[in-house]
Each structure stands twice: as C-alpha cells, then as structure tokens.
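Chemist: Dropping a structure here in structure tokens format, bear with me for questions.
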Amino acid sequence: MRKKLVAGNWKMNGSLTENEALINSLIHRSARFQSVQVAVIPPYPYLAQAQQLLHSSTIVWGAQDVSLETGYGAFTGEVNAGMLKDFGCEYVIVGHSERRQRHHETDQQVARKAKIAVDNHLKPIVCVGETLAEREKGETLSVLSRQIDAVLNTLAIEQLQQVVLAYEPIWAIGTGKSATVQQVQEVHQTLRQRVESLDWVSAQELNILYGGSVKPSNALELMSLPDVDGALVGGASLVAEDFIAIIEAAA
Ligand code: PEP
C-alpha cells in the first residue's frame with residue numbers, strides 16, 4: 001500500500017520569520033494525518049532552518065534542485081547531492097518545468113540528476129509535463145514517454161523504488177487551472193504502466209504525484225484517483241491553512 005506524499009514546493013519564496021511560522025504551524029496541525037508523508041521544499045538558504053525546526057517532527061524536507069557535479073571544487077553556485085544528504089535531506093526536485101524552460105535542462109540532464117540523487121540516497125521527485133500547445137496537438141503521452149524514458153533508461157531497475165514521479169502539466173502550474181480528473185488519471189495510469197513494463201514491484205510502490213494548481217477546493221477529487229499518490233503543491237503550500245487542507249484531502 002503506497003503512502004501518499006504531499007510536498008510543498010516553496011520555489012523562491014519565504015523569509016526566516018515567515019518560514020518559522022509556517023513550519024511550526026504545519027508541525028502542530030499536520031500531526032494527526034499520520035497516513036500522509038508531508039514534505040517541505042524551501043529555497044537553499046533556508047534548508048538549514050527547515051532541518052532544525054523539523055528535527056523531531058515527522059515532516060521531512062527536500063531541495064529544489066541538485067548539481068550535475070558530484071565532486072567538490074570550482075563549481076560556483078552549485079550544491080552537490082552529498083552535501084544535501086550530509087545534513088538530512090530526503091527529497092530533491094529534478095526537472096521542474098521552470099528549470100527545464102528557464103535553464104534549458106534537457107531530458108538527459110534531468111535523468112542524470114535523478115540518478116545522482118538516488119546514488120546519494122536522496123529521493124528524486126522527477127517532474128514531467130506537457131505544454132498547452134503539446135496537449136492541443138495530441139502529443140501529451142508522447143512527450144511524457146520521452147521524458148520518463150530518459151529516466152528509466154538511466155537508472156538501474158533496482159533504483160526505481162527510490163523515485164517519485166510528479167505529473168505537472170505546464171499549463172496548470174501557477175495558473176489556477178488544474179487538469180481534469182480524467183486527464184490526470186489517464187496520464188498517471190500510463191506512467192505507472194510504463195514503469196510496470198520494466199518492473200512490476202517498483203510500479204506498485206511508485207508514488208506518482210499530481211502538481212498544477214492543487215488547492216483545497218480540488219484536492220479531494222484529485223487525491224481520490226486510483227493512480228494519484230499525493231501532490232506537489234506550489235502556491236497553496238505557502239499558506240498553512242490551504243496546505244493542511246490538501247494534506248487532509250490526501251489522508
Ligand atoms: C509547482 O510549481 O510545482 C506547482 C505545482 O505550482 P502550483 O501549485 O502553484 O500550480
């Protein structure tokens with residue numbers, strides 16, 4: 001039985017004061033939802049704060065990206081996977097569409113980051129998703145196959161159990177416009193079947209999150225779908241009340 005994961009991607013938001021209030025509120029109010037794994041994913045400068053505040057809580061934390069470099073040295077601005085693991089990081093987002101688009105990350109680079117994460121005992125949350133133009137041209141499933149196959153071809157079969165997938169249609173991110181339950185279930189089922197064709201056990205254990213304008217008003221119908229195992233939440237994860245309502249919908 002898969003445990004649902006609700007992860008809050010804070011993107012480039014927060015301050016020491018705001019984070020402390022948000023995290024303390026989440027610790028206090030999410031404790032009763034033990035059937036759901038909750039994660040917060042703050043910007044890099046605040047990871048140490050998250051680690052300290054969450055030290056004795058069941059909420060875990062993650063990073064928004066990881067370097068393609070695995071060693072140490074002259075890589076200004078980069079943070080490697082070993083550094084993240086060093087102080088207790090659990091998850092790392094790879095391939096978020098904002099990085100694919102703004103930083104021109106390729107499918108191969110995203111796949112390599114996923115492998116580096118697993119090699120360092122981090123769980124990558126691998127984001128995949130189509131643009132509106134691709135959906136309108138009927139290319140959704142072929143785009144997603146290309147994105148996921150890069151990952152499946154790069155990781156060893158036994159590493160798949162460490163991976164979390166997040167289906168994030170780009171046209172639904174931060175727009176207030178979520179995908180319909182039919183669209184979400186179709187994609188999630190297809191992604192699971194693709195993994196199943198390689199390894200049945202990994203496919204059954206695989207957490208496939210939905211992300212894209214998840215909010216209290218649509219969370220319950222999305223979280224009730226058979227192949228939806230949680231949510232990757234952007235905007236609504238910055239408001240304690242909204243994030244708690246989404247966690248409750250997943251419970
Ligand atoms: C995201 O960026 O991962 C995301 C899902 O954002 P939002 O919930 O704001 O659409």
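The values are calculated or read from the model by the stated rules, or taken from the named source; none is laboratory data. Keep in mind that this is a model prediction, so the values were computed, not measured. Positions of Cβ are backbone-derived with ideal geometry, glycine not excepted, and every protein chain shown enters the neighbour counts.
Chemist: Test each condition in (1) modelled with pLDDT of 95 or more; (2) within 16 Å of the ligand (Cβ to nearest atom); (3) exposed (fewer than 15 other Cβ atoms within 10 Å of the Cβ) for VAL187 and report the one that comes out false.
Modeler: All conditions are met except number (3).
Chemist: Condition check: among the hydrophobic types (A, V, I, L, M, F, W, C) and at pLDDT below 95. Does ALA179 satisfy that?
Modeler: For ALA179, the condition - among the hydrophobic types (A, V, I, L, M, F, W, C) and at pLDDT below 95 - is met.
Chemist: Just to be sure I understand the filter: pairs with C-beta atoms under 8 Å, separated by 6 or more residues or on different chains, first member in the range 75-104 and touching a residue at least 40 places away in the same chain (Cβ under 8 Å), second member in a loop (DSSP other than H, G, I, E, B) and within 12 Å of the ligand (Cβ to nearest atom). Which pairs pass?
Modeler: Pairs that qualify, where the first residue is touching a residue at least 40 places away in the same chain (Cβ under 8 Å) and the partner is in a loop (DSSP other than H, G, I, E, B) and within 12 Å of the ligand (Cβ to nearest atom), are ILE93/GLN64; HIS96/GLN64; HIS96/GLU168; SER97/GLY129; SER97/GLU168; SER97/ILE173; GLU98/LYS11; GLU98/ILE173.
Chemist: Could you list, in sequence order, all residues of the range 45-62 that are closer than 17 Å to LEU238 by Cβ, in a helix (DSSP H, G or I) and out of contact with any Phe, Trp or Tyr (no Cβ under 6 Å at 6 or more places or on another chain)?
Modeler: Those that are closer than 17 Å to LEU238 by Cβ, in a helix (DSSP H, G or I) and out of contact with any Phe, Trp or Tyr (no Cβ under 6 Å at 6 or more places or on another chain): PRO45, TYR46, LEU47, GLN49, LEU53.
Chemist: I would also like to ask the following. Which residues, counting only those in the range 59-79, are out of contact with any strand residue (DSSP E or B) (no Cβ under 6 Å at 6 or more places or on another chain) and either buried (at least 24 other Cβ atoms within 10 Å of the Cβ) or under 28 Å from ILE170 (Cβ atoms) (or both)?
Modeler: Passing the criteria: ASP65, SER67, LEU68, GLU69, GLY77, GLU78, VAL79.
Chemist: Which residues, taken from the range 157-184, are among the small types (Gly, Ala, Ser) and surrounded by fewer than 16 Cβ atoms within 10 Å (Cβ to Cβ)?
Modeler: GLY174, GLY176
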